[in-house]
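Everything below concerns the one structure shown next.
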Amino acid sequence: MKRTKPLTGNTQPKDDELLRSALADVTPLPPDNRARLERPRPRPIAAQRQRDEQEVLLDTLSDAPAWEQGLENGEELQFLRDGLSAQHLKKLRRGHWVIQDHLDLHGLTTPEARQLTAEFLAHCIHDGLRCIRIVHGKGLRSPNREPVLKKKVAGWLAQRDEVLAYCQAPQNEGGGGAVLVLLRAAK
């Protein structure tokens with residue numbers, strides 16, 4: 001393709017002249033007689049501190065039930081819903097109900113474990129399962145060799161209405177690294 005007319009950048013002065021001629025009969029607005037008040041700058045928001053405080057609040061509200069204090073002195077993990085006889089807990093501990101499904105939380109972070117536990121419980125309730133096992137681990141690879149998920153799982157389970165009871169699993173089912181859970185029967 002051959003160009004007949006070279007392109008030049010000389011369009012600027014013509015545009016300025018056209019603009020001036022178009023605005024020749026325009027009168028400027030009068031000054032606005034308003035005082036310009038200087039507003040004080042807002043104080044900075046410590047967003048990370050607010051997020052940290054919110055997270056601490058959520059952790060204290062949902063993961064640390066009062067019964068957790070007994071875990072520090074080595075007592076076995078157990079829970080029984082109000083109104084049920086102690087026989088339910090004994091039967092659960094002795095293997096009266098067959099474990100119908102299990103969930104392994106090894107290597108997961110707390111948020112991942114929480115979500116997976118909720119999904120697993122919903123699945124078990126939907127399928128009408130009564131007895132399940134959740135393996136939370138003994139915390140041997142955790143900082144200070146303490147089981148982090150053990151306490152969290154216990155708190156999450158105690159908050160669910162469909163959980164009737166739970167106890168530490170027998171040695172052949174995971175011992176101190178697992179919990180047996182008795183769920184409410186499907187209606």
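The values are calculated or read from the model by the stated rules, or taken from the named source; none is laboratory data. As the structure is a computational prediction, the values presented were derived from the model and not from experiment. FYI the Cβ positions are ideal-geometry reconstructions off the backbone, even for glycines, and counts take in every protein chain you see.
Against the list (1) of a type outside the set (Gly, Ala, Ser); (2) surrounded by 14 or more Cβ atoms within 10 Å (Cβ to Cβ); (3) under 23 Å from the mean Cα position of the chain (by Cα), the condition LYS91 fails is (3). Quick one: is GLN69 surrounded by 10 or more Cβ atoms within 10 Å (Cβ to Cβ), in a helix (DSSP H, G or I) and at pLDDT 55 or above? Answer is no for this residue.
Among the numbered conditions (1) in a loop (DSSP other than H, G, I, E, B); (2) within 17 Å of the chain's Cα centre (by Cα); (3) over 17 Å from GLY174 (Cβ atoms), the only one that HIS96 does not meet is (2). Scanning segment 136-158 for residues that are charged (D, E, K, R), outside any helix (DSSP H, G or I), surrounded by fewer than 18 Cβ atoms within 10 Å (Cβ to Cβ) and at pLDDT 90 or above turns up nothing.
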